[in-house]
Structures are given as structure tokens and as C-alpha cells.
Amino acid sequence: MIQELIAFGILGVALLYLGRKFFYKKKKNNDNCGTDCGCG
Amino acid sequence: MSNENINVALIGNPNVGKTSVFNALTGLNQQVGNYPGITVEKKVGFCKLPNHAKANILDLPGTYSLNASSMDENVVIELLLNKNDKLFPDVAVVVTDVENLKRNLLLFTQIKDLEIPVILAINMADRMAYKGISLDISHLEEQLNTKIALISTRKKQGIEELKQLIMSYKNLSTEPCLNASSMDPDYFGGLRKTFPNELVYKLWLVITQDVNFRGIEKKEILSEHRKSDSELKRMQQKETIKRYQFINDVLKVGQTIDKESARDFGTKLDRILTHKVWGYAIFFGILFLIFQSIFSWSEVPMDLIDSAFGWMSTAVQEHMPPGVLTDLISQGIIPGIGGIVIFIPQIAFLFLFISVLEESGYMSRVVFLMDKIMKRFGLSGKSVVPLISGVACAIPAIMATRNIENWKERLITILVTPFTTCSARLPVYTIIISLVIPDERVLGFLNIRGLMLMALYAAGFLMAIFAAYIFNKILKVTSKTYFVVEMPNYKLPLLRNVGINVVEKTKAFVVGAGKIILAISIVLWFLASYGPGDDFNNADKIVTAQISKSDAAVSQQELDGHIASYKLENSYLGIAGKVIEPVIKPLGYDWKIGIAVLSSFAAREVFVGTLATIYSVGETDEQDPIREKMAAERRPDGSKLFDLPTGISLLLFYAFAMQCASTLAIVKKETNSWKWPAIQFAIMSAVAYLAALTAYQFLQ
Ligand SMILES: Nc1nc2c(ncn2[C@@H]2O[C@H](COP(=O)(O)OP(=O)(O)O)[C@@H](O)[C@H]2O)c(=O)[nH]1
């Protein structure tokens, strides 16, 4: 029981992390872009 | 003026010998202090000129341009913009290095725009003969609208001439040498109207640099002449390009570099390393050696890592109480981390070599050598480094594109780099090649399997170049190039710099890609370990019933294997494999391969591991158990599943498909948009599908 709880907790963290990484958009200027890339 | 000293400011890029000129002019008459309120060093000296005239020499901090980015550069701009400063120069001496005139002249043209008298001091004249450089001084003086002193502080030449020029500074022209405001005549015309008493270039500096300037506020100018930050940035870039174009034109006539007559060792070495034939031969020779070493040196640590993680999994399985968490750790998390750590040796070795090549100055020669060829495909000479680094891993390779100035070339490099064969593809290639390509030799010594592997590397590289060519044709991205090939002097690489570089790049991979790979392995494990419906939940009973019906004698181990495989078939992942079966059937794959291919879209290195689970490889004593199982796998009609057509189709699919979530994430980060990773994913998957389809249908 406790094992399942922790395991699914880890799954939750993993999903949350992936979700943040891929879908959560940060509006942040990227210094590494050229100024003409239209991404500033 | 006779009893007033002439104020002279020495300005120049770092390392041009400005301090040496200062010492030559002032001797021991120096005072060192700080600028009021800040810690930037202020050096003032005193110099006797001919005819009893005297000069105060101010040595300003070294600066690359008037685009202030540091406190040092701000000091320079603030002084030059403030006529009321008591140090404001009557004349500026811009010191340059004869070997780096092109780069050094950028600052000169900017100072010239401030309409103060400027003398151009070209230092290190003693190096000219070594380097085969000759200058047409009168042409340069005319084009740059200035007076030139050709000096060598080392040989103590030209200093008197410089003093003479300083003394007669009133004869110098204060006209700019190029008209920078022509890049946007309307805007600058407007500025001129609003502030008729101010220099347009001064206003421009106030707008673009955060400098204090008495009497004019940035806000005041911008309130009447609005420009957004990105517009301003773009205009600044335009300005730089314009200046470099002008300098190029001037130097084309005013400077000749005759490499043949150069005598120094570096130039002789350059002549070989950038030679039309030898240059390429040496470069490819070095590449060959690097790859040989990477793969042979990494073998031992990789095997060690592999067995260490295998041991850890077993230990966890044995010592933790049985349960979901134990399984997750031993089958999901530990192999997940192992899948990251195993690439560290290759990546570290690769970056060790690359940073040695960069530090020694050789890489700049390669960039120079390759630039012409790469340009034809829409790439830059600097794309060579990412394309080579891609052999280890696309993630650090894509980060290595940051020094490509031209945005379009950088974008294309980012888009095509994942085609190069990264080390994650290697385990897939190795196992499939060993299944479908016979272990034979041609011509007595060439191993066919080795040739196949090489062909796959070549295919990846050629596809990258071809894709770049197409992208170059269709991408509508405007950008300008101002490629300044800097040829740094050869030097022995500093161990410290190399070490830092290797650690940083490796860390970027482990931290950047590692977390994603780990998270995905965890999710995959759950998808493979849970399923809907009775088939999944009652797998034990169903399989046991089937087996006891068939009367076959099976060991407990085999039984466990069958149950695991049945479970996987009915897990969420297995169901997904069945759903895509119609799509992948024309490529020669069944649903099991489908699962492996699907999970590989997270990270391709999970392919072999997933197949191992699917074919329920238990703990057996056989050598190479996965390979054996794969070789024994049959289609419903009894033919071998992993035959030549399916094998080649799989190899091509893995060669071209974008199966790496971490790379997509890094592309998103570097391009700051979802558009490019999406395009990349779509195009690469389409290419992979078509290639695999063609191969299978043709070979079948
Ligand atoms: N060959 C040669 N080297 C010089 C000459 N003037 C300066 N250098 C060298 O250039 C390097 C940078 O000089 P420095 O005066 O410190 O440059 P700064 O950074 O511009 O102040 C030093 O190693 C000097 O010895 C010169 O006329 N000829």
C-alpha cells in the first residue's frame, strides 16, 4: 500500500515535470537568439 | 594654446598594445587613480611634444566598440559624449593592431562619428613583414578621413611621428568617414530636426546605450521618436553590418596580405592546415582518429556502467520488499538513470577532443576551411562543430550553435543536427545489424557489418546536408551575415579551460536531457505496467490456464516470462502498439516492434530495453538473450520477423526519425518557439517513414 502511494507520487512528479517542461510557456527573452529571428 | 596642454585620449580594443603606446608617450610621468565613484582604473600621463608643446595623455579602458556592455565601456562613452568634462579630449588616438585591423577599425569608425579629431595609430608594425602584410597608407588616410601613424612600440618606431600628428591636431578632419544614418534616413532626419544642436550619432548613442548625458534624456528623445527595443536592436545590428561593409571595402584596396611571403610559424602552419587539398585531408584524418578513440576508449567505462546499473537493479529487487515501488525503482528508475549515465564517457571524450581543437586555435582554421562549402548548403563554417558533436548527442551539439552569428544559418544547423548519428542510435544499430547482416568479409578484410555501420553514419550526415540545402531554399528568414573570421594564434590548450568545458558540456547533457529521459522512463514504466480491463488484471490466470491446456512443460521462469509478455500486450502501451499496427505494417513491423518504436519517440535508446521486456527475457544463462529471442521471432506465416527487409527498414527509420524528446525540448529553448521543434519533428518523421517504407517494399 505504502509502496503504491510513493510510486504514484513519483509518477505525479514526473508528469508534472514533463508538463511544465513541454507545455508551460515562460515569456522570457532568449539572449541566445539573433535579434532578427522574430523570437525576441 | 601655447600654455595649455593638449588633452589626448588613447582608445582601442583590448590587447592592441595601448598600454605600450601610453608608456612610450609618457615614460615615467604617470598617475594612476580611479574614476570618481567607480573602480575603473584611470591612468593619466604627461608627454612633451616638439616645439615645447605639452599633452595630457589619458589611457581609457580597452573597449571593442561604443556599444556599452560593461562599466569599462561606459567610462569611454560617457567621457566622449561630455564636452564639459575636464578630460574631454582635443584629439583621440585610436590604437589598432596591424594584424587585426578589420576588427579594430569598427571602433575607429564609431569614434569618427563623434566628430572629434581622430588619429589612427596602427601598432605592431614590426609584425608586418612576418605576416606578409603591406598597407597603402595614403589610400587608408583618404578613405578613413584621418592621419595615420604606423608605429611599433617594441621597435620604438613611429612614436615621434605620432607626437607630431598630436601636435598638429587642429589640421585633422572632424568629418565622419561613413554615413551611418543612411540606414534609416527618415528616422535620423527626424532626430536632426528635433535636436538641431546635437550630433545625430550622439543622440543615437544616448538612445541605445544607458549612458548619462547632461541635457538630453533618453526618454525625451524616444517620446518624440518612438522605437521599440527590438527595432532598436535590429538597427544596431544594421549599423554594425554597415560599418563592417565599409571597412571591408577600404581594406580591400588599402591592405594586402601575401601569405606566401609570410615567415612566421603560425602562418606556415596555416598554409598547410587551410590548404585546398591537405587541409581537408588533415581534418578528416583527425576526425577519423577522434571517432576511433571515442568508441574504443569508451567501451570499458560503458561496460562498467552497464553492469553496475544491472547489479543495482538486481540488488533492489532482492533486498526491498516486493511491491510496485520496488518494481518501479528496479525496472523504471535505475535503468532510466543508467540510460543517461552510460553516454557520459562518449560525450566527455568527444568534448575533450573538441575543446582541445578549439583551444589550440585549430578549430578556427577548420571553420575557415569549411565555410565556403557549408555556405552552399545554407550552413556556416561554424556548423561543423555542432554537426560533429551530434555524433555523441544532439543536445550539447545544438547548444554549440550559439556562436553562429547568422540566424538563418544557426536555425538550419539546429534543424538538421539531429540527423547525425548520435550515440543513442548505436545500440539499436548494433543489435539489428547483428540480426540481419551476415558476419562476412568482402575483399578479404572489410567486415560487412562494419561497413553497414559506417554507411548508416554517412547516411545521417548526408541527410543533414541535404536537408540543410532544402531548408535554405524554402525558409523565408531574412538575416544578414557579417562573418569575421578571427584566426587566433596557435597556442597550447590550457588544461583548466579544457577541463571546465568538458565538465560543463557533460553536465548540460546529464542535467538537461537526463531529467527528461528519467521522467519519461518513469511514465513509460507505468504505461507498460498497467492496463485496462480483465485481460491485464487476470493475466496470471489466463496464461496459466492456456499453458496447462497445451500440456507443454514449462519452467516457472518461462511461465513468468509468458505472463509478463501477456501483460505487456494488454497494457496501455501494448494497446497503443496495436492501434498503430496498420500504420507500421507497410514498414514490415508488427505491434511488438510498434511498441518499441512508439516508446523510442521519448528516447531512442529504450528500443532494446522495451523489446527485452516484450520478448519476456528472463534471467537466463544464455549469451545475448535479447538477440536470441529476436532471432527466433516468427511472423504468423512462419517466416522470420527480423529478416533483411524489416531490418533495413528499421535501421533507416531510426537513422532519420526524430525520436528524442530531450532534443525537441532543447530546440524549443534555443529557438524560443514551438514552431521549429514541431516542424523538425514532422519533417524528420515523414522522411523516416518514407525511407523505411521504400526500403521494405523494395527489398521484400
Ligand atoms: N610585436 C609587437 N608586440 C607588441 C607591440 N606593442 C605591444 N605589443 C605586445 O602586445 C601585447 C599587449 O600589449 P598591451 O600594451 O598590454 O596592450 P593593451 O591591452 O592594449 O594595453 C603585449 O604582449 C605587448 O608586448 C609592438 O609594437 N610589436
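The values are calculated or read from the model by the stated rules, or taken from the named source; none is laboratory data. Fair warning: this is a prediction, and the values are worked out from it, not measured in the lab. Note: ideal-geometry Cβ built from the backbone for every residue, glycine included; neighbour counts use all protein chains shown.
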What are the pairs with Cβ atoms under 6 angstrom where one residue, in the stretch B:626-637, is of a type in the set (Asp, Glu) and the other, located anywhere, is not in a helix (DSSP H, G or I)? Sequence gap at least six, or different chains. B:628/B:622; B:633/B:641
Taking the stated definitions as given, is residue B:662 touching a Gly at 6+ places or on another chain (Cβ under 6 Å) and either outside any loop (DSSP other than H, G, I, E, B) or within 14 Å of chain A (Cβ to nearest Cβ) (or both)? no
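Look through the stretch B:341-356, keep the residues that are of a type in the set (A, V, I, L, M) and buried (at least 22 other Cβ atoms within 10 Å of the Cβ), and return whichever of them is nearest to the chain's Cα centre (by Cα). Explain how you work it out, then say what you get.
Of the stretch B:341-356, the ones of a type in the set (A, V, I, L, M) are B:341-342, B:344, B:347-348, B:350, B:352, B:354, B:356.
Checking which are buried (at least 22 other Cβ atoms within 10 Å of the Cβ) leaves us with B:342, B:347, B:350, B:354.
Values: B:342: 23, B:347: 15, B:350: 14, B:354: 12 Å.
Of everything passing the filter in the stretch B:341-356, B:354 is nearest to the chain's Cα centre (by Cα).
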Among the residues of the stretch B:70-99, count how many are of a type in the set (Val, Ile, Thr) and more than 14 Å from the ligand (Cβ to nearest atom). 3
So which residues in the stretch B:497-537 are more than 11 Å from chain A (Cβ to nearest Cβ), of a type in the set (A, V, I, L, M) and free of Cβ contacts under 8 Å to residues at least 60 places away in the same chain, if there are any at all? B:500, B:503, B:511
Would you pick out the residues in the stretch B:50-69 that are crowded, with 20+ Cβ neighbours inside 10 Å, outside any strand (DSSP E or B) and among the aliphatic types (A, V, I, L, M)? B:60, B:66
I'd like to know if the stretch B:442-450 contains one or more residues that are aromatic (Phe, Trp, Tyr) and modelled with pLDDT of 80 or more. no
For the stretch B:490-519, what are the residues that are under 21 Å from residue B:399 (Cβ atoms) and touching a Gly at 6+ places or on another chain (Cβ under 8 Å)? B:517, B:518
Among the helices (runs of 4 or more DSSP H) confined wholly to the stretch B:153-242, which include 1 or more residues that are assigned by TED's automatic domain parsing to the domain that holds residue B:141 and hydroxyl-bearing (Ser, Thr, Tyr)? B:185-194, B:200-208, B:218-224
Name the residue, out of B:100, B:82, that is at pLDDT below 85 and in the same structural domain as residue B:156 (by TED's automatic domain parsing). B:82
The residue from B:131, B:147 that alone is within 16 Å of the ligand (Cβ to nearest atom) and either of a type in the set (Lys, Arg) or farther than 24 Å from residue B:178 by Cβ (or both) is B:131
Tell me the helices (runs of 4 or more DSSP H) entirely within the stretch B:294-412 that contain at least 2 residues that are free of Cβ contacts under 8 Å to residues at least 60 places away in the same chain. B:324-327, B:334-341, B:344-360, B:362-376, B:384-389
Where residue B:364 falls short, out of the listed (1) more than 20 Å from residue B:524 (Cα to Cα); (2) over 20 Å from the mean Cα position of the chain (by Cα); (3) away from chain A (no Cβ under 14 Å): (2)
